[in-house]
Amino acid sequence: MIPVTRPFLPEKSEYQHFLDSIWQSQWLTNDGPLLNQFEEQIGEYLGTSRPAFVNNGCTALQLGIKALNLTGEIITTPFSYVATTSAIVWENCKPVFVDIDASTLNIDAAKIEAAISDDTSAILATHCFGNACDIEAIEEIAVKHNLHVIYDAAHCFGTKYKDKSIFEYGDISITSLHATKLMHSVEGGLVFSGNQTLHDSICYLRNCGHDGYEGYASIGINGKNSEFHAAMGLSVLEHIEVILEKRKQQCELYDELLQDASIRRPVIQQHCDYNFAYYPVVFESEEVCLSVKKELEKQQIYPRRYFYPSLNQLPYVEDRRNTPNSEKVALAILCLPLFHNLSEADQNIIAETVRKVTTLCIS
Ligand SMILES: *Cc1c(COP(=O)(O)O)cnc(C)c1O
């Protein structure tokens with residue numbers, strides 16, 4: 001069976017090494033030594049300010065919205081994982097959807113201004129599949145209209161924009177370290193902000209508002225992460241260069257094998273040094289997409305419909321405006337299997353099936 005992704009696992013002995021230190025410190029959670037080491041090493045590796053390690057990417061988004069005190073409407077993308085929208089609704093704000101650019105699959109910056117109202121407080125955009133948004137255009141609009149910017153960079157570990165980590169952009173940028181992501185800590189998330197005051201409020205918010213044992217800086221929730229998760233994060237981080245390089249090679253092989261297939265691939269944004277996190281493929285129609293999926297599933301290969309449905313069609317959102325590009329892409333896109341130990345032979349089988357089915361459907 002070949003799933004869309006499979007978590008990277010370090011050697012058990014490498015994780016064991018960190019477990020030994022947990023047994024020694026007897027410190028399991030709450031701002032422990034491994035968590036501190038992990039936050040520091042992430043910052044060093046990426047060349048960013050030190051992030052806050054939290055329990056997952058969903059919480060990271062909610063903490064970001066909370067820390068910026070966002071209210072009213074938040075302009076966002078309809079083409080992302082559901083958490084991008086649900087975090088907005090959970091924080092009592094209203095998502096306002098702006099359609100994507102059909103070529104990059106990211107929010108179309110040229111359409112943002114028309115969606116701004118007196119109630120708009122921020123833009124929450126996803127760098128979809130690890131490909132950068134039109135960051136320059138978004139920053140310009142944000143400055144002009146005095147809006148905050150949060151980036152959902154859940155797919156972006158290792159992506160750079162203009163030679164800097166992509167996590168450096170926006171008032172706040174978050175990523176997910178869920179087991180399905182390229183870099184992971186089983187469950188986990190990171191919140192990046194170059195602004196020290198914002199970083200500090202994120203740290204209070206994730207720790208029930210505690211400022212010391214008896215003082216409270218703000219309200220808060222339990223968004224902390226444990227020493228065990230930091231241990232896995234540290235173990236995987238040791239291998240990140242190899243993981244990134246392998247992904248790149250695998251994507252290049254897919255590119256080569258699929259060069260004559262009737263598919264479309266997202267266009268990478270200018271100035272973006274892409275991390276090859278996923279291998280999304282857009283077909284000519286939903287019919288072709290579902291035929292490919294069915295044919296692969298017959299061979300125990302399970303690509304995923306990332307992302308379906310378009311988020312403006314969620315039952316609990318109020319904003320019912322149409323976003324035709326997003327709706328169309330959501331119907332016709334699959335992410336092909338891509339993970340560290342996916343073999344060349346399996347990639348060949350997958351690509352051959354895609355080529356065969358797309359050719360049959362077209363003729
Ligand atoms: C995975 C993901 C999240 C949520 O992260 P979790 O760690 O699973 O909570 C948020 N946004 C996007 C775009 C994601 O892919």
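What the table below lists for this structure:
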{"item": "Enumeration of residues in region 182-201 that are within 12 Å of the ligand (Cβ to nearest atom), surrounded by fewer than 24 Cβ atoms within 10 Å (Cβ to Cβ) and not aliphatic (A, V, I, L, M)", "result": "His184, Glu187"}
{"item": "For Pro7: the one exception among (1) crowded, with 17+ Cβ neighbours inside 10 Å; (2) outside any helix (DSSP H, G or I)", "result": "(1)"}
{"item": "Checklist (1) within 23 Å of the chain's Cα centre (by Cα); (2) open to solvent by 20 Å² or more (accessible area, probe 1.4 Å); (3) among the hydrophobic types (A, V, I, L, M, F, W, C) applied to Cys361, failing item", "result": "(1)"}
{"item": "Every residue from region 109-165 that is within 16 Å of the ligand (Cβ to nearest atom), open to solvent by 10 Å² or more (accessible area, probe 1.4 Å) and either of a type in the set (Lys, Arg) or on the phi > 0 side of the Ramachandran plot (or both)", "result": "Gly158"}
{"item": "Some residue of region 40-60 being within 14 Å of the ligand (Cβ to nearest atom), of a type in the set (A, V, I, L, M, F, W, C), touching a residue at least 40 places away in the same chain (Cβ under 8 Å) and part of a helix (DSSP H, G or I)", "result": "yes"}
{"item": "Any hit, region 53-72, residues being polar (S, T, N, Q), under 19 Å from the mean Cα position of the chain (by Cα) and under 18 Å from Asn195 (Cα atoms)", "result": "yes"}
{"item": "Filter result for Ser176 (surrounded by 24 or more Cβ atoms within 10 Å (Cβ to Cβ), closer than 20 Å to Gly64 by Cα, hydroxyl-bearing (Ser, Thr, Tyr) and within 15 Å of the ligand (Cβ to nearest atom))", "result": "yes"}
{"item": "Pair list, Cβ under 6 Å, 6 or more apart: region 263-292 residue farther than 16 Å from Ala330 by Cβ, other residue modelled with pLDDT of 95 or more and charged (D, E, K, R)", "result": "His271/Lys162; Asp273/Lys160; Phe276/Arg247; Phe276/Lys248"}
{"item": "Count - residues of region 289-308 that are in a loop (DSSP other than H, G, I, E, B) and surrounded by 15 or more Cβ atoms within 10 Å (Cβ to Cβ)", "result": "5"}
{"item": "Scan of region 310-328 for residues that are acidic (Asp, Glu) and either crowded, with 24+ Cβ neighbours inside 10 Å or assigned to a loop (DSSP other than H, G, I, E, B) (or both), ordered by number", "result": "Glu318, Asp319"}
{"item": "Test: residue in region 80-95 that is open to solvent by less than 40 Å² (accessible area, probe 1.4 Å), more than 12 Å from the ligand (Cβ to nearest atom), touching a Gly at 6+ places or on another chain (Cβ under 7 Å) and of a type outside the set (Val, Ile, Thr)", "result": "yes"}
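The values are calculated or read from the model by the stated rules, or taken from the named source; none is laboratory data. Note that the structure is a prediction, hence the values are computed from the model and not measured. Here the Cβ is made from the backbone with ideal geometry for all residues, glycine too, and neighbour counts use every protein chain on show. Calculation scope for accessible area: heavy atoms of the full protein, side chains included, ligands and nucleic acids excluded. Shrake-Rupley method; radii C 1.70, N 1.55, O 1.52, S 1.80 Å.
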